[in-house]
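Quick one: the structure is below, and I'll ask about it shortly.
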Amino acid sequence: MPRIICLDIGTVRIGVAVSDPLGMFAQGIAVWKADGLWMDELERTFERYDTSCLLLGLPIREDGTIGPSAQHVQEVAAQIQERFPMITLKYADERYSTRVATGFLLEANVSRKKRKQSVDKIAASVILQSYLDREGADRF
(Lines give C-alpha, C1' and ligand atoms only; values in the text may rest on other atoms or scores of the structure.)
Protein backbone atom coordinates (compact mmCIF):
# COMPACT_ATOMS: atom_id res chain seq x y z
CA MET A 1 0.00 0.00 0.00
CA PRO A 2 1.49 3.39 -0.94
CA ARG A 3 1.86 6.01 1.74
CA ILE A 4 -1.02 8.40 2.23
CA ILE A 5 -0.69 12.02 3.27
CA CYS A 6 -3.59 13.50 5.23
CA LEU A 7 -4.45 17.16 5.72
CA ASP A 8 -6.72 18.63 8.36
CA ILE A 9 -7.41 21.96 6.68
CA GLY A 10 -8.46 24.89 8.82
CA THR A 11 -8.59 28.60 8.19
CA VAL A 12 -5.58 29.30 10.43
CA ARG A 13 -3.57 26.05 10.49
CA ILE A 14 -3.26 22.85 8.47
CA GLY A 15 -2.40 19.63 10.28
CA VAL A 16 -0.38 17.07 8.33
CA ALA A 17 -0.04 13.33 8.87
CA VAL A 18 1.45 10.47 6.86
CA SER A 19 0.97 6.73 6.89
CA ASP A 20 3.77 4.25 7.35
CA PRO A 21 4.90 2.23 4.29
CA LEU A 22 2.63 -0.70 5.23
CA GLY A 23 -0.45 1.51 5.58
CA MET A 24 -1.08 0.50 9.17
CA PHE A 25 -0.17 3.54 11.26
CA ALA A 26 -0.60 7.30 10.99
CA GLN A 27 1.92 9.81 12.28
CA GLY A 28 1.49 13.57 12.59
CA ILE A 29 4.40 15.31 10.94
CA ALA A 30 3.69 19.05 10.70
CA VAL A 31 1.43 22.03 11.20
CA TRP A 32 1.47 24.63 8.44
CA LYS A 33 0.08 28.16 8.44
CA ALA A 34 -2.99 28.26 6.21
CA ASP A 35 -2.10 31.71 4.91
CA GLY A 36 1.51 30.78 4.09
CA LEU A 37 3.22 28.98 1.26
CA TRP A 38 1.93 25.63 2.40
CA MET A 39 1.35 24.31 -1.14
CA ASP A 40 5.13 24.40 -1.62
CA GLU A 41 5.45 22.40 1.62
CA LEU A 42 2.85 19.97 0.31
CA GLU A 43 4.85 19.48 -2.87
CA ARG A 44 8.00 18.73 -0.86
CA THR A 45 6.00 16.32 1.29
CA PHE A 46 4.71 14.47 -1.80
CA GLU A 47 8.31 14.13 -2.98
CA ARG A 48 9.71 13.14 0.41
CA TYR A 49 7.16 10.38 0.97
CA ASP A 50 6.83 9.41 -2.69
CA THR A 51 3.05 9.32 -2.62
CA SER A 52 0.25 9.98 -5.05
CA CYS A 53 -2.65 9.87 -2.59
CA LEU A 54 -3.93 12.74 -0.47
CA LEU A 55 -6.67 12.32 2.13
CA LEU A 56 -8.52 15.46 3.20
CA GLY A 57 -10.58 15.70 6.35
CA LEU A 58 -14.06 16.93 5.46
CA PRO A 59 -15.86 18.63 8.37
CA ILE A 60 -19.37 17.35 7.79
CA ARG A 61 -22.06 18.77 10.08
CA GLU A 62 -23.80 16.70 12.73
CA ASP A 63 -26.82 16.26 10.45
CA GLY A 64 -24.60 15.03 7.59
CA THR A 65 -24.80 18.19 5.49
CA ILE A 66 -21.99 20.26 4.03
CA GLY A 67 -21.46 23.60 5.76
CA PRO A 68 -19.09 26.53 5.19
CA SER A 69 -16.07 24.70 6.65
CA ALA A 70 -16.56 21.72 4.36
CA GLN A 71 -17.09 24.04 1.39
CA HIS A 72 -13.77 25.71 2.25
CA VAL A 73 -12.04 22.31 2.23
CA GLN A 74 -13.61 21.49 -1.14
CA GLU A 75 -12.41 24.82 -2.56
CA VAL A 76 -8.88 24.14 -1.31
CA ALA A 77 -9.13 20.61 -2.76
CA ALA A 78 -9.88 22.13 -6.17
CA GLN A 79 -6.75 24.29 -5.89
CA ILE A 80 -4.68 21.26 -4.87
CA GLN A 81 -6.05 19.21 -7.77
CA GLU A 82 -5.27 22.02 -10.20
CA ARG A 83 -1.68 22.31 -9.02
CA PHE A 84 -1.12 18.54 -8.58
CA PRO A 85 -3.29 16.80 -11.20
CA MET A 86 -1.41 13.51 -10.74
CA ILE A 87 -2.50 13.23 -7.09
CA THR A 88 -5.54 11.16 -6.14
CA LEU A 89 -7.72 13.09 -3.69
CA LYS A 90 -9.97 11.36 -1.19
CA TYR A 91 -12.15 12.72 1.60
CA ALA A 92 -12.73 11.35 5.07
CA ASP A 93 -15.35 12.44 7.59
CA GLU A 94 -13.43 14.36 10.22
CA ARG A 95 -16.22 14.91 12.72
CA TYR A 96 -14.83 14.88 16.27
CA SER A 97 -11.19 14.54 15.17
CA THR A 98 -10.11 17.77 16.88
CA ARG A 99 -12.09 16.84 19.98
CA VAL A 100 -10.42 13.41 20.07
CA ALA A 101 -6.98 14.97 19.50
CA THR A 102 -7.56 17.49 22.28
CA GLY A 103 -8.64 14.65 24.57
CA PHE A 104 -5.40 12.76 23.84
CA LEU A 105 -3.35 15.85 24.64
CA LEU A 106 -5.28 16.60 27.83
CA GLU A 107 -4.89 13.00 28.96
CA ALA A 108 -1.15 13.29 28.33
CA ASN A 109 -1.14 16.45 30.46
CA VAL A 110 0.23 18.61 27.63
CA SER A 111 0.28 22.34 28.40
CA ARG A 112 -2.25 24.65 26.76
CA LYS A 113 0.46 26.31 24.64
CA LYS A 114 1.81 22.99 23.35
CA ARG A 115 -1.74 21.70 22.73
CA LYS A 116 -2.43 24.67 20.49
CA GLN A 117 0.78 23.99 18.56
CA SER A 118 0.14 20.29 17.99
CA VAL A 119 -3.62 19.63 18.04
CA ASP A 120 -3.95 20.02 14.26
CA LYS A 121 -1.32 17.42 13.39
CA ILE A 122 -2.79 15.06 15.99
CA ALA A 123 -6.24 15.62 14.43
CA ALA A 124 -4.79 14.80 10.99
CA SER A 125 -3.36 11.61 12.52
CA VAL A 126 -6.77 10.69 13.96
CA ILE A 127 -8.43 11.21 10.56
CA LEU A 128 -5.78 9.17 8.76
CA GLN A 129 -5.70 6.38 11.35
CA SER A 130 -9.49 6.01 11.15
CA TYR A 131 -9.21 5.76 7.36
CA LEU A 132 -6.37 3.21 7.56
CA ASP A 133 -8.29 1.11 10.08
CA ARG A 134 -11.38 1.13 7.87
CA GLU A 135 -9.47 0.38 4.66
CA GLY A 136 -7.26 -2.21 6.36
CA ALA A 137 -10.29 -4.12 7.59
CA ASP A 138 -11.45 -4.39 3.98
CA ARG A 139 -8.11 -5.87 2.88
CA PHE A 140 -8.27 -8.88 5.23
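For every residue, the table says whether it meets (1) over 13 Å from Val126 (Cα atoms); (2) exposed (fewer than 14 other Cβ atoms within 10 Å of the Cβ); (3) of a type in the set (Val, Ile, Thr); (4) touching an Asp or Glu at 6+ places or on another chain (Cβ under 7 Å).
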site	(1), (2), (3), (4)
Ile9	yes, no, yes, no
Gly15	no, no, no, yes
Lys33	yes, yes, no, no
Leu37	yes, yes, no, no
Thr45	yes, no, yes, no
Asp50	yes, yes, no, no
Gly57	no, no, no, yes
Gly64	yes, yes, no, no
Pro68	yes, yes, no, no
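Based on what the data block shows, is Ser118 modelled with pLDDT of 85 or more and either outside any helix (DSSP H, G or I) or not aliphatic (A, V, I, L, M) (or both)?
Considered against the rule, which asks whether it is modelled with pLDDT of 85 or more and either outside any helix (DSSP H, G or I) or not aliphatic (A, V, I, L, M) (or both), Ser118 comes out as no.
Tell me, which residue of the range 83-108 that is outside any loop (DSSP other than H, G, I, E, B) and touching a Gly at 6+ places or on another chain (Cβ under 7 Å) is modelled with the lowest pLDDT?
Ranking the qualifying residues of the range 83-108, first place goes to Ser97.
Within 16 Å of the chain's Cα centre (by Cα), closer than 23 Å to Lys33 by Cβ, at pLDDT 95 or above and β-branched (Val, Ile, Thr): is that true of Ile80 in this structure? Show your work before the answer.
On the way: within 16 Å of the chain's Cα centre (by Cα): yes; closer than 23 Å to Lys33 by Cβ: yes; at pLDDT 95 or above: yes; β-branched (Val, Ile, Thr): yes.
So Ile80 fits the description; yes.
OK, next. Of the residues that sit in the range 1-56 and are among the polar types (S, T, N, Q) and out of contact with any Cys (no Cβ under 9 Å at 6 or more places or on another chain), which one is farthest from Ser130 (Cα to Cα)?
Here the residue is Thr11.
The values are calculated or read from the model by the stated rules, or taken from the named source; none is laboratory data. Since the structure is predicted, the reported quantities are computational estimates derived from the model, not experimental observations. Every residue, glycine among them, receives a Cβ derived from its backbone with ideal geometry; neighbour counts consider all protein chains shown.
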